[in-house]
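Peer 1: Please find one structure pasted underneath; my questions will follow.
The values are calculated or read from the model by the stated rules, or taken from the named source; none is laboratory data. From a predicted model like this one, the values you see are computed outputs, not experimental measurements. Here Cβ is always computed from backbone atoms with ideal geometry, including for glycine, and neighbour counts include all displayed protein chains. The accessibility values were calculated without ligands, DNA or RNA, using every heavy atom of the protein model including side chains. Shrake-Rupley method; radii C 1.70, N 1.55, O 1.52, S 1.80 Å.
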Amino acid sequence: VPNLQGPRYISPAPNGGFVVSEECGDVKVFTSTRKLLCSLSSKYRHQFGNPAGVCVDVDGSILVADEQRRTVHLFPEHGAPICLVSAGLQRPNGVACSCFGHLFVADAGENCIKVFKYRVRPP
């Protein structure tokens with residue numbers, strides 16, 4: 001996949017595609033045929049500081065850690081973005097989520113992994 005602006009983190013998506021965070025402040029979603037599906041900043045009119053870790057949950061929502069803003073946002077397929085974590089992070093890098101609704105955040109600023117529950121309904 002050419003023409004990315006400083007690709008940083010990548011995650012597979014449920015449809016066979018993938019999600020990539022870029023140093024320039026955007027997150028792009030690609031199809032299984034490596035065609036650009038959308039840019040999260042354009043689709044959601046969301047301004048990233050420095051997007052880092054990305055992952056996709058069982059519902060197909062994209063989760064993005066933003067190092068500069070010290071947040072983690074969830075971008076559902078339909079609807080507005082949801083800020084899941086807005087406090088307590090120093091430098092969130094990597095993110096991962098479990099099928100049980102747990103969000104794991106690698107916080108490089110505190111040299112630890114932080115665990116959050118973000119989904120109440122059972123899988």
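Peer 1: How many percent of the accessible area of the chain is carbon or sulfur, using a 1.4 Å probe?
Peer 2: Summing carbon and sulfur atoms, their accessible area is 52 percent of the total for the chain.
Peer 1: Where does the chain land at 222 nm, in deg cm²/dmol rounded to the nearest 500, when only DSSP H runs of n ≥ 4 count, each adding -39500 (n - 2.57), divided by all residues? Intermediate results must be reported in sequence, preceding the final value.
Peer 2: Values: 1 runs with 4 residues, N = 123.
One gets -500 deg cm²/dmol as the mean residue ellipticity at 222 nm.
Peer 1: For the chain, state the semi-axes of the equivalent ellipsoid (square roots of 5 times the eigenvalues of the alpha-carbon gyration tensor), sorted largest first and rounded to whole angstrom.
Peer 2: 21, 17, 13
Peer 1: I would also like to ask the following. What lysines could a cross-link reach from residue 35, if we take a straight Cα to Cα line under 26 Å and drop same-chain neighbours fewer than 8 places away?
Peer 2: Once the sequence-local lysines are set aside, what remains near residue 35 is 43.
Peer 1: Mind listing the long-range amide H neighbours of residue 37? Cut-off is under 5 Å, sequence gap 5 or more, other chains count too, H placed in the peptide plane at 1.01 Å from N.
Peer 2: Sorted by chain and number, the residues that satisfy this are 29, 30, 31.
Peer 1: Once Rh is set to the Kirkwood radius over Cα pairs, what Stokes-Einstein translational diffusion coefficient, in µm²/s, holds for segment 1-61 at a temperature of 10 °C and a viscosity of 1.306 mPa s?
Peer 2: Details: Rh = 11.6 Å.
Taking Rh from Cα pairs, D becomes 137 µm²/s.
Peer 1: To the nearest 20 debye, what is the magnitude of the charge dipole of the chain about its Cα centre, counting +1 on the Cβ of each Lys and Arg and -1 on the Cβ of each Asp and Glu?
Peer 2: 180 debye
Peer 1: Are there chymotrypsin sites (Phe, Trp or Tyr not before Pro) in segment 33-123 that DSSP puts in a loop and that have at most 16 other Cβ atoms within 10 Å, and which ones?
Peer 2: 100, 118
Peer 1: Something else now. Using θ = phi - 60° and the Karplus curve 6.51 cos²θ - 1.76 cosθ + 1.60, what whole-Hz ³J(HN,Hα) does each residue of segment 66-75 get, with Gly and Pro shown as x?
Peer 2: The phi angles translate into 10, 4, 5, 8, 6, 9, 10, 10, 10, 10 Hz.
Peer 1: Something else now. Along the principal axes of its C-alpha atoms, what lengths does segment 58-102 span, in descending order and rounded to whole Å?
Peer 2: 28, 22, 13
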